[in-house]
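Visitor: My questions will all concern the structure given below.
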Amino acid sequence: MSFSSLGLHALVLKAVEAAGYTEPTLVQAQSIPAALAGDDLLVSSQTGSGKTAAFMLPCLHRLAAGANARAPRILVLTPTRELAAQVTRAADIYGKTLRHLRYISIVGGTPMHLETRLLRVGVDVVVATPGRLLDHLNRRSLDLSRLEVLVLDEADRMLDMGFIEDIETIIGHTPATRQTLLFSATLEGVVGNLAQRVTRNAKRIQIAPTRAEQPRIEQKLMYADSKSHKSRLLDSLLRDPAMQQALVFTATKRAADELSTNLRIEGFSCQALHGDMNQGARNRTLQAMRQGRVKVLIATDVAARGLDVPGISHVINYDLPRQGEDYVHRIGRTGRAGREGFAISFANHDEGRLVRDIERYTTQQIAVGVIAGLEPKLKAAPRHAAPKGARSGGNRPYDSRGAGRTFSSPDKPRSGFGKRPSREQYSQTRRAASS
Ligand code: AMP
């Protein structure tokens, strides 16, 4: 199937062509004609399936006939600032041929008066996180009475993050005649209830992830005796030639800053990303990560939600997440765009229960791995029983071939964060990261 058979405006097709897309993805092939027909949609699809274009292209089609920027016609709500930034980038790419198109991203952490000024001038498309959008509605600096399309992107995560009331209030400011496009990993449970309230005769489109889209993430659990043992494990993983870029999770913002400082001292190109940073600093850090200038990002859960950097080869849980759901969000930051990813979780010996909770949530047992020469010295906690209904993740001693390829690095320094990487090692990594 070709894009030209979907019924999109010629200007939008031109932008799609310029983006280098030759064929619509499954979710695009099904959603775009239905959206163009004016249907409300409930679409279950994963990140990486091309869902952003699936809603953005029909929205831009509406605007192609001549943008009228007196009041927003399209509103996309996203759970996080980072996802909002991604959607805005998509609007920029797919809307490049629409000369009069005006769009704005409204997210917390940026100066509100700037947004107010732009809104006053007039925009066609608003991409926003619910909290900040609501602030504008309350201050009457935003008028949604002429809205034509409301997109709820990653609706399940917005509900996970407690945005239900904000979303309903925002919807109360939009006309009943609007078209609603709801995208979510799942359409069941609370998302299903919301969908029922906010859509009319919606068409359901369910896309099972294809093999290519299914993230291929190899998960490992590594027991650590102490904080310094964790540091040595981390050091070894970060020096592995298979590591292109790593996202390391800590439990607190302070720990993220500390770890990032230590790693920088050891010579790693490393930055922290957490909620205490202002939006400008967060954007600059993410940009540096995307461009491969930063190799290691140390983050907290909230800051890294929705992060989409295809170069992240490794997610490392320096501290275990408190909930299974966070574990899933964390490891989903690797294995993106059809690539292979590695997720390694460090656990203290007394964290067996937490591991069990995560495994129960994912219904998958995480295989225990060790790095040769860095095995835990304390007696490992007896390996817990597989959770009920869990599929085995292969609880076997870490395979040496696998270890050689991915984790093991027998020639590498073992103390603290080890020696500073050699210039050669460093430039090799930089080349790999930027290629
Ligand atoms: P998304 O699921 O929207 O996050 O998209 C995942 C990635 O797929 C993005 O990097 C898009 O640029 C890319 N993409 C979206 N649609 C297509 C397409 N039809 N052909 C090739 N790449 C695409």
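The values are calculated or read from the model by the stated rules, or taken from the named source; none is laboratory data. Keep in mind that this is a model prediction, so the values were computed, not measured. Cβ sites come from the backbone with ideal geometry, for glycine too, and all protein chains shown count toward neighbours. Surface areas here come from the heavy atoms of the whole protein model, side chains and all, with no ligands, DNA or RNA. Shrake-Rupley method; radii C 1.70, N 1.55, O 1.52, S 1.80 Å.
Visitor: Tell me yes or no: at least one residue of the stretch 41-54 is within 13 Å of the ligand (Cβ to nearest atom), open to solvent by less than 60 Å² (accessible area, probe 1.4 Å) and without any contact (Cβ under 8 Å) to a residue 40 or more places away in the chain.
Guide: yes
Visitor: Looking only at the stretch 190-222, how many residues end up being open to solvent by less than 50 Å² (accessible area, probe 1.4 Å) and either modelled with pLDDT of 90 or more or touching a strand residue (DSSP E or B) at 6+ places or on another chain (Cβ under 6 Å) (or both)?
Guide: Residues meeting the conditions: 12.
Visitor: Considering (1) modelled with pLDDT of 90 or more; (2) out of contact with any strand residue (DSSP E or B) (no Cβ under 7 Å at 6 or more places or on another chain), say which one ARG70 fails and leave the rest.
Guide: Here ARG70 meets the rest and fails (1).
Visitor: How many of the residues making up the stretch 55-80 are more than 16 Å from ARG102 (Cα to Cα) and surrounded by fewer than 24 Cβ atoms within 10 Å (Cβ to Cβ)?
Guide: Total satisfying the criteria: 2.
Visitor: Every residue in the stretch 279-312 that is assigned to a loop (DSSP other than H, G, I, E, B), within 16 Å of the ligand (Cβ to nearest atom) and under 22 Å from MET161 (Cβ atoms), please.
Guide: ARG305, GLY306, LEU307, ASP308, VAL309
Visitor: Look at VAL309 and say whether it is under 21 Å from PRO79 (Cβ atoms) and at pLDDT 95 or above.
Guide: Values: under 21 Å from PRO79 (Cβ atoms): yes; at pLDDT 95 or above: no.
When the stated conditions are applied, VAL309 does not pass them.
Visitor: On to the next question. Does ARG396 fit the bill of being assigned to a helix (DSSP H, G or I), at pLDDT below 90 and over 22 Å from ARG322 (Cβ atoms)? Give the derivation first.
Guide: Details: assigned to a helix (DSSP H, G or I): no; at pLDDT below 90: yes; over 22 Å from ARG322 (Cβ atoms): yes.
No: the conditions fail for ARG396.
Here's the yes/no breakdown for (1) open to solvent by less than 10 Å² (accessible area, probe 1.4 Å); (2) aromatic (Phe, Trp, Tyr); (3) under 11 Å from the mean Cα position of the chain (by Cα):
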| residue | (1), (2), (3) |
| --- | --- |
| GLN287 | no, no, no |
| LEU297 | yes, no, no |
| ARG305 | no, no, yes |
| ASP308 | no, no, yes |
| HIS314 | yes, no, no |
| LEU320 | yes, no, no |
| GLY332 | no, no, yes |
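Visitor: So for the stretch 164-177 (the condition being hydrophobic (A, V, I, L, M, F, W, C), touching a strand residue (DSSP E or B) at 6+ places or on another chain (Cβ under 8 Å) and not in a helix (DSSP H, G or I)), does at least one residue qualify?
Guide: Quick first cut of the stretch 164-177, residues hydrophobic (A, V, I, L, M, F, W, C) only: 164, 167, 170-171, 176.
Checking which are touching a strand residue (DSSP E or B) at 6+ places or on another chain (Cβ under 8 Å) leaves us with 167, 170-171.
Right, trim to not in a helix (DSSP H, G or I) and you get none.
Within the stretch 164-177 (the criterion being hydrophobic (A, V, I, L, M, F, W, C), touching a strand residue (DSSP E or B) at 6+ places or on another chain (Cβ under 8 Å) and not in a helix (DSSP H, G or I)), the answer is no, since none of the residues qualifies.
Visitor: Let me ask another. From the set of residues in the stretch 19-39 that are open to solvent by 10 Å² or more (accessible area, probe 1.4 Å) and under 21 Å from VAL125 (Cα atoms), which is nearest to the ligand (Cβ to nearest atom)? If you could, list the steps in order and put the result at the bottom.
Guide: Of the stretch 19-39, the ones open to solvent by 10 Å² or more (accessible area, probe 1.4 Å) are 19-26, 29-30, 33, 36-39.
In the following step, the residues that additionally are under 21 Å from VAL125 (Cα atoms) were identified as 19, 33, 36-39.
Values: ALA19: 7, PRO33: 15, LEU36: 16, ALA37: 20, GLY38: 22, ASP39: 20 Å.
Among them, the one singled out is ALA19.
Visitor: Right, something else. Hey, can you tell me all the residues within the stretch 229-245 that are at pLDDT 95 or above and open to solvent by 40 Å² or more (accessible area, probe 1.4 Å)?
Guide: Within the stretch 229-245, just ARG232 meets the criteria.
Visitor: Evaluate the following for VAL16: is it within 9 Å of the ligand (Cβ to nearest atom) and in contact with a strand residue (DSSP E or B) (Cβ under 8 Å, 6 or more places away or on another chain)? Steps first, answer last, please.
Guide: Working: within 9 Å of the ligand (Cβ to nearest atom): yes; in contact with a strand residue (DSSP E or B) (Cβ under 8 Å, 6 or more places away or on another chain): no.
No, not satisfied.
Visitor: If you don't mind, another one. Tell me, which helices (runs of 4 or more DSSP H) lie completely within the stretch 181-267 with 3 or more residues that are touching a helix residue (DSSP H, G or I) at 6+ places or on another chain (Cβ under 6 Å)? If you could, list the steps in order and put the result at the bottom.
Guide: Working: elements: 189-198, 227-238, 253-265.
Correct list: 189-198.
Visitor: Test each condition in (1) open to solvent by 10 Å² or more (accessible area, probe 1.4 Å); (2) hydroxyl-bearing (Ser, Thr, Tyr); (3) free of Cβ contacts under 8 Å to residues at least 60 places away in the same chain for SER269 and report the one that comes out false.
Guide: All conditions pass for SER269, except number (3).
Conditions (1) touching a Cys at 6+ places or on another chain (Cβ under 8 Å); (2) assigned to a loop (DSSP other than H, G, I, E, B); (3) modelled with pLDDT under 90; (4) within 16 Å of the ligand (Cβ to nearest atom), marked per residue:
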residue: LEU320; (1), (2), (3), (4): no, yes, no, no
residue: GLY338; (1), (2), (3), (4): no, yes, yes, yes
residue: ARG360; (1), (2), (3), (4): no, no, yes, no
residue: GLY373; (1), (2), (3), (4): no, yes, no, no
